[in-house]
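Here's the structure we're looking at; comments come further down.
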Amino acid sequence: DYLLKYAAISSSEQCQSYKNDFSAEYSKYRDLHARIEQITWRFTQLDAQLRQLSQGSEEYETTCGQILQEYRKIKKTNTNYSQEKHRCEYLHSKLAHIKRLITEYDQRQLQAWP
């Protein structure tokens, strides 16, 4: 939907409007990204720990238990995790698209400058 709404910029007013939209969404994205990143970091940490252990060992089984426990905890405390992750990915793509359009417009303006 944002691909249709945000087409190539043809005026400074349109560019400013895109910048305003970017700014309005960026703070939401940063907050959401920080929450998702915190959860992802914990699982990445546990996964790295698991990879260093021998499969079937007591430490391996304990770490698997920790991963399952963390997963259950997140499912309880953050029931919207999947939706938030999807929203974060959507905002990332949308903001990258808007930023690319602004950059392209700015470059065209610089090239047109005598």
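The values are calculated or read from the model by the stated rules, or taken from the named source; none is laboratory data. The shown structure was predicted, so the numbers you read here are calculated from the model rather than taken from an experiment. For neighbour counting, all protein chains shown are included, and Cβ atoms are generated from backbone atoms with ideal geometry for every residue, glycine included. Ligands, DNA and RNA are stripped out before the accessible areas are found, and what is left, the full protein with its side chains, is counted by its heavy atoms. Shrake-Rupley method; radii C 1.70, N 1.55, O 1.52, S 1.80 Å.
Within a Cβ distance under 13 Å of Y105, other residues only, what is the Lys/Arg minus Asp/Glu net charge?
Details: positive: K19, K99, R100, R108; negative: E13, E104, D106.
Residues close to Y105 contribute a combined charge of +1.
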**Asked** Could you give the length gained on full extension between E89 and S54, defined as 0.36 nm per residue of separation minus the Cα-Cα distance, in nm?
**Response** 9.2 nm
**Message:** So for the chain, if I pair up every lysine 8 or more residues apart or on another chain, how many of those pairs have alpha-carbons under 17 Å apart?
**Reply:** 13
**Complete:** Using alpha carbon centers only, the range 11-28 is separated from the range 31-48 by a whole-angstrom value of 29
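Over the chain, consider all pairs of different Cα atoms and compute the Kirkwood hydrodynamic radius from their mean reciprocal separation; express it in Å, one decimal. Show your work: numbers first, answer last.
Working: mean 1/r = 0.0579 Å⁻¹.
Computed over the chain, the radius equals 17.3 Å.
May I ask you to give the percent of accessible area on the chain that is carbon plus sulfur, with a probe radius of 1.4 Å? Each step should come with its number before you reach the end.
Values: 4400 of 8590 Å².
Its accessible area is 51 percent carbon and sulfur atoms.
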**Request:** Treating the angle as unsigned and between 0 and 90°, give the value, to the nearest 10°, between the Cα long axis of helix 58-77 and the longest Cα principal axis of the chain.
**Result:** 50
**Request:** Tabulate in residue order the Karplus-calculated ³J(HN,Hα) for the range 13-18, using 6.51 cos²θ - 1.76 cosθ + 1.60 with θ = phi - 60°, rounded to whole Hz; enter x for Gly and Pro.
**Result:** 5, 5, 4, 5, 4, 5
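Relative to the Cα centre, what is the charge dipole magnitude of the range 1-107, using +1 at the beta carbon of each Lys and Arg, -1 at the beta carbon of each Asp and Glu, and rounding to the nearest 20 debye? Could you put the intermediate results ahead of the total?
Values: 16 positive and 15 negative charges, 57 e Å.
Result for the range 1-107 is approximately 280 debye, rounded to the nearest 20.
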**Asked** Label-point separation (nm) for L68 and E37, each offset 7 Å from Cα along Cα-to-Cβ?
**Response** 3.2
**Request:** Positive end of the charge dipole of the range 1-107 (Lys, Arg +1 and Asp, Glu -1 on Cβ, about the Cα centre): tell me which of Q66, S10, Q45 has its Cα farthest that way.
**Result:** Q66
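Compute the accessible area per residue over the range 1-107, keeping the other protein chains in place, probe 1.4 Å, unit Å².
Values: 7700 Å² over 107 residues.
That works out to 72 Å² per residue.
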